[in-house]
1. Take A:D162 and B:E152, extend 7 Å from each Cα along the Cα→Cβ direction, and tell me the distance between the two endpoints in nm.
2. Rounded to the nearest 10 Å², what accessible area does A:E165 show when all protein chains are kept and the probe is 1.4 Å?
3. In percent, how large is the relative contact order of chain A, given Cα pairs closer than 8 Å and 6 or more residues apart?
4. To test your reading of the geometry: what angle, between 0 and 90 degrees and rounded to tens, separates the Cα axis of helix B:167-182 from the longest principal axis of chain B?
5. Roughly what percent of Cα-Cα pairs across chain B reach past 25 Å?
6. For chain A, with the dipole built from +1 on Lys and Arg beta-carbon atoms and -1 on Asp and Glu ones, taken about the Cα centre, which of A:T88, A:V103, A:Q70 lies farthest toward the positive end?
7. By DSSP, what percent of the beta bridges with both residues in chain B are antiparallel, rounded to the nearest 5?
8. Where the only charges are on Cβ atoms (+1 Lys, Arg; -1 Asp, Glu), what is the dipole of chain B about its Cα centre, to the nearest 20 debye?
Amino acid sequence: MNLYAVKSIYLFEMHRAWRTILQSVVSPVISTSLYFIVFGAAIGSRINTIDGVSYGAYIVPGLIMLTLLQQSIAAASFGIYFPKFIGTIYEVLSAPVSFLEIVLGYVGAAATKSIILGTIILITATFFVHVRIDHPFWMVLFFALTAISFSLFGFIIGIWADTFEKLQLIPLLIVTPLVFLGGSFYSIRMLPPFWQTVTLFNPVLYLISGFRWSFYEVSDVGVAVSLAMILVFLAICLGLVWWIFKTGYRLKS
Amino acid sequence: MDPVIAISGLSKTYEDGYEALKSVDLTIGKGEIFALLGPNGAGKTTLISILCGLVKPTGGSATVGGYDIVHDYRKTRSMIGLVPQELTTDQFETVFATTSFSRGLFGRPAKPDYIDQVLTDLSLIDRRDNKIMTLSGGMKRRVMIAKALAHEPTVLFLDEPSAGVDVELRKGMWDVVRRLRDSGVTIILTTHYIEEAEEMADRIGVISKGELMLAEEKHALMAKLGRKTLTIQLQEPLEALPDQLGKDGLELAEDGTALVYEYDTRSERTGIGALIADLNRADIRVKDLDTKQSSLEEIFVRLVREGQ
Ligand SMILES: Nc1ncnc2c1ncn2[C@@H]1O[C@H](COP(=O)(O)OP(=O)(O)OP(=O)(O)O)[C@@H](O)[C@H]1O
Ligand SMILES: [Mg+2]
């Protein structure tokens, strides 16, 4: 195992984020605060409680998930797309590193960044509403697994994308709608039966539900199902990344 | 000669069906400077990229330091330093940071003193803590060389290292390359500057349309393939070439004051003796004689033309 390489890539990526620290932190914090003001204070005041949890507090896990997903994908996809775009990727590809080491470096850094941001969102939330965490261990587990799987997913997007447009495409067209429709701001039981069934095909629902359970012990689907879904998603992403490096897809001719 | 690189039957057909390398066989010895020459699109970069792991070969095999480049890629790649043809750098990083990054990436523990030494050798030490985007093109190219040397490689690939580097610095770079060779590093460089190959290389390979036309020791190559030109200055100018002198390769200079005879040093009979005798017989008096070895460039141009 070339640990020096993992460390080099990881620190390089973290250093890159540090250069743009202000954008990295300020924009998610501002947008989350806006969500709290709009959904929590303005609309939330008209909704009493969901499963005995005040609306403002109910949406906190969903908001953290939204940030976690968006930031993991953005950080990881950009992290690998950029060297591909400017050509510096040659060095990583000619280095004595295995796919596992490259992934550990890039995806590890992206996951770290999104975990830090998610934590900042959580802290921001406590300024607006009373947040309770019933199962801290599960909370951290869901938090970390989500950050890791979606960083992997972002990494795959970054390798697949050959234009900046494509880099934006999947997060914008697929991930954001899935998060919004996956129960970030409501319980799916508030939907008509037909749409409840449709929503069950939305993988993000399971993430949010499991994550919310670790806060308030309320969930739309069983927590074991949630965990299983995350692990399946993680396995699919790992398999894809393994295949990418095995075949050199979009990396080597 | 201990082979450091052994290539056998190496081929590459790109996905679009283009055959960029056609079964190349080549051995490169330890501590040698090998210059790879060839016109644009000949396959030089493709060959180097395969050895470095950037392009997947579609046939044949290669070893570096006795290890297979595909199966033992960790071993081979940690021996190799690559300076690619294209200038690609992380504009926002400092010279020192980017060079240290390369060292770590290639699995070596940090060694700031060594990095500083490399930067000094490449006259970059003044720019150590500057961001790369503030450097000139020639400096950036040297940063790429520093990055390639950061992990103390024993095999160094330089893909057109002197493109965009001024004459002064090119000389400095050659010195660095020679010093590296003296310390046992094997160097493979591609270049379009024939004088660079002529000046630097121990051996020269010529590649054209994916085929390695030859790989030979430089002096042997020049002696073997070298044509010489014999220039005969005449005491009195001639109007036309006398019939007695009807000989292949003989021409009268434009102003008629000299005869120019091109001959092949490889052939048994150069025809010089006969020419001199002919001159005597025709009573043409000679003022001076001068011979010139043809340059590598001429050899190279001829080879490529013959290959077409
Ligand atoms: N990724 C690719 N896909 C298809 N064809 C390619 C690819 N890369 C290179 N080629 C083709 O392979 C041939 C050899 O290219 P290569 O870059 O090895 O040439 P070169 O000898 O380095 O030329 P130059 O002196 O211009 O750098 C060219 O015809 C080129 O168009
Ligand atoms: Mg080239």
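The values are calculated or read from the model by the stated rules, or taken from the named source; none is laboratory data. Nothing here was measured: the structure is a model prediction, and the numbers come from that model. Cβ sites come from the backbone with ideal geometry, for glycine too, and all protein chains shown count toward neighbours. We work out accessible area using only protein heavy atoms, side chains counted, and drop any ligands, DNA or RNA first. Shrake-Rupley method; radii C 1.70, N 1.55, O 1.52, S 1.80 Å.
1. According to this spin-label approximation, the distance is 4.1 nm.
2. For A:E165, the solvent-accessible surface is approximately 130 Å².
3. It comes to 25 percent, rounded to a whole number.
4. Long axis of B:167-182 versus the principal axis of chain B: about 70 degrees.
5. More than 25 Å apart: 58 percent of the Cα pairs in chain B.
6. Most positive-ward Cα: A:T88.
7. Roughly 70 percent of the beta bridges in chain B run antiparallel, per DSSP.
8. Dipole size: approximately 1300 debye.
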